[in-house]
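Structure first, commentary second.
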Amino acid sequence: MRNVAVRTVELVKEFKMGKTIVSALKGVSFSIDEGSFFSIIGPSGSGKSTLLNLIGGLDKASRGKILVDSVDLAELNERELAQYRLKNVGFVFQFFNLVPTLTALKNVELPLVFAGVASRQRHLKAEEVLASVGLGNRLSHKPTELSGGEQQRVSMARALINEPQIILADEPTGNLDTQTGQEIMQLLGRLNTKGGKTIILVTHDLEVAQYADQIVHLRDGMVENIEIVGKNSRSK
């Protein structure tokens, strides 16, 4: 039996818009096993990205709990949350969020800079991780010199550089063509099956969601149902 990597308990997130309180999440509860591939799917406005941001420590819940490796994120102060984001989770975004003036190598090195790793070690580690995502020959290229798929691979290498156990991917194929999107999903699948990473993916695309072992369907900030997919036909 695998350990639980992430558990949410009656999770509520509210935003104040003028005098109105908007509920983005309304009592969301589920568990994600360590080393599993978990998809969160739903239409726009269902609370998908809000939920991912809360798990990633980018925002705080209004009520309820998020337990990551049994640690309640609500009990962490700002310094501890920053360390959690740096060491425990890696982020992959739809629009890549790369620094346009930096090379692929320097973009991937950034988390190590914040972690205080020496320059030579940063360089070697970034080279290694970029090679692992198929970009060993694109180290000196800036984002504008890379295709969308290559930029997303740089984003994934940056997410992996601190060796987090959890990868959070927010619509990672949303800005890519179909074939390139499939290649990115296959890479995420290999990180899960061969690398043992826990993958938490947000998408509105049911075909993309099917790469997961388990899918939670959100609607209007609530869990509509949880679907067990099991090991699927994704390329290993």
Original post:
With respect to LYS26, is the statement that it is exposed (fewer than 15 other Cβ atoms within 10 Å of the Cβ), part of a strand (DSSP E or B) and in contact with a strand residue (DSSP E or B) (Cβ under 8 Å, 6 or more places away or on another chain) true?
Top reply: no
Subject >> Breaking point among (1) surrounded by fewer than 14 Cβ atoms within 10 Å (Cβ to Cβ); (2) under 22 Å from GLY189 (Cα atoms); (3) free of Cβ contacts under 8 Å to residues at least 12 places away in the same chain, for ASN3 >> reply: (3)
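Tell me the residue from LEU124, LEU102 that is under 24 Å from GLY174 (Cα atoms) and either in contact with a helix residue (DSSP H, G or I) (Cβ under 6 Å, 6 or more places away or on another chain) or aliphatic (A, V, I, L, M) (or both), please. Show your work before the answer.
Values: LEU124 fails: under 24 Å from GLY174 (Cα atoms).
Being under 24 Å from GLY174 (Cα atoms) and either in contact with a helix residue (DSSP H, G or I) (Cβ under 6 Å, 6 or more places away or on another chain) or aliphatic (A, V, I, L, M) (or both) holds for just one of LEU124, LEU102, which is LEU102.
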Subject >> Options GLU171, GLU109: the member that is modelled with pLDDT of 95 or more, under 19 Å from the mean Cα position of the chain (by Cα) and surrounded by 20 or more Cβ atoms within 10 Å (Cβ to Cβ) >> reply: GLU109
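Kindly provide the set of residues from the range 123-144 that are in a helix (DSSP H, G or I) and touching a residue at least 24 places away in the same chain (Cβ under 8 Å), ordered by number. Lay out the reasoning, then the answer.
Here is the first cut: in the range 123-144, the ones in a helix (DSSP H, G or I) are 123-132, 143-144.
Matches in the range 123-144: LYS125, ALA126, VAL129, LEU130, SER132, PRO143, THR144.
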**OP:** Being touching a Lys or Arg at 6+ places or on another chain (Cβ under 8 Å) and closer than 20 Å to THR173 by Cα is the filter here, so list the residues in the range 52-90 that pass it.
**Re:** GLY56, GLY90
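The values are calculated or read from the model by the stated rules, or taken from the named source; none is laboratory data. None of the values given here were measured: they were computed from a predicted structure. With ideal geometry, Cβ positions are generated from the backbone for all residues, glycine too; neighbour counts draw on all protein chains shown.
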